[in-house]
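Peer 1: Got a structure for you, written out below as C-alpha cells; questions coming shortly.
Where a number appears in this text, it was derived from the coordinates with a stated rule and is not lab data. From a predicted model like this one, the values you see are computed outputs, not experimental measurements. Virtual Cβ from ideal backbone geometry, glycine too; neighbours counted across all protein chains shown.
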Amino acid sequence: MNLHDLHQQAGASVAPDGIPLQFGDQQAEYEAALQAAVLMDRSHEGRFETVGRDRFEVINRISTNDVIHMAAGEGRPTILTSVTGRIIDRLMVYNRGELALVTTEPGRSQAVRDSLQRQIFFNDEMRIIDLGGSTKQFALHGPSVQAILQTFSPDAGKHEYLEAVNATIGDGEVILLQRKAFVGDHWIVIVPNEQAAAVWQALLDYRRLVRSSITLYVSAQDDPPQDANSAKITFHWKPVCGMRSVSKRAAIPDKKSSHVWKAVTDWRRLW
C-alpha cells in the first residue's frame, strides 16, 4: 500500500497534488497539536541538495542570513532575494557536511532552484539536486514531538541550534530537520518514496499520533493590548487550501504580557 492509499483509507479528502485537506475531525487535530503531537504530509514543500565547493557560498551571496559559518548538522532560516532585492522565498538551509540540504515553502522549489542556478558563474563549483520527485516530506508538530523523535534518534534536539540528524523509523532511513516553532516543537521528516508509507504508518503507530492537515500560525494586533488584568493574544489554526480557520484567545497574566507579546512579535518577524 502506498502513501496515497493510506491517506484514502484513513478517510482523507486529498487535493490534486496529493496533500490531505482534512481527515474528518479538525477539532481533534487542533487539540492534539496543542497537547500532544500531529503528523502532517507536507510533500508539496520543496527540498533539494547543493553539492560542490561553493554549495553554501552561492546561497549566501543572494540571501539574508549567514549560511556559511554553520556547524555540521546546523540549520538556519534565510530569505532568498532577487538581484533587485525582491523576496523569492524563505528557505531553511542545513549543513550536511559535503552537501547543503535546502527546504522551501510549498510550490516554490522550481523558482528557488532557477534563481540559484542563475547565480552559478563559470568559476563556481555547485550543482543542484532536486529531491522533490524521489522523496516525501512529513511534519511532526506538538509538545510531545521531541520525546517521540528521540526514541528513533537519541541525539535529536540536543543542541541549541536548529539541527539535521539521521534516524531509522520502522525500516526506513530518514532525515530529521528541526524548525523553529512558537508553540511546541516542529520537525520535518524526509523519506525516500519507496519507504514513505511504512514510515508514515510507523509514526502513527507510535503513541497514537493524530493525522493532521493544519498549519499553526499566530496572529496578533499591531500594538500590545491594554488590559488591567490580562493581555489577550489570538492563536489561529489555518487548514491548507483555504479551508475555514479556527481561532482561540489566550489570556496572559498582566505581569507577563509584555514578555509574551515580544515573543509573539519576534516570532512573526522571523517566520
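Peer 1: Report, in whole Å, the centroid distance computed from the Cα atoms of region 103-158 and region 17-86.
Peer 2: 6
Peer 1: With r defined as the distance between the Cβ atoms of ALA147 and GLN8 and R0 fixed at 45 Å, what FRET efficiency is calculated, to the nearest 0.05?
Peer 2: Working: r = 30 Å, r/R0 = 0.67.
Taking R0 as 45 Å, the efficiency between ALA147 and GLN8 is 0.90.
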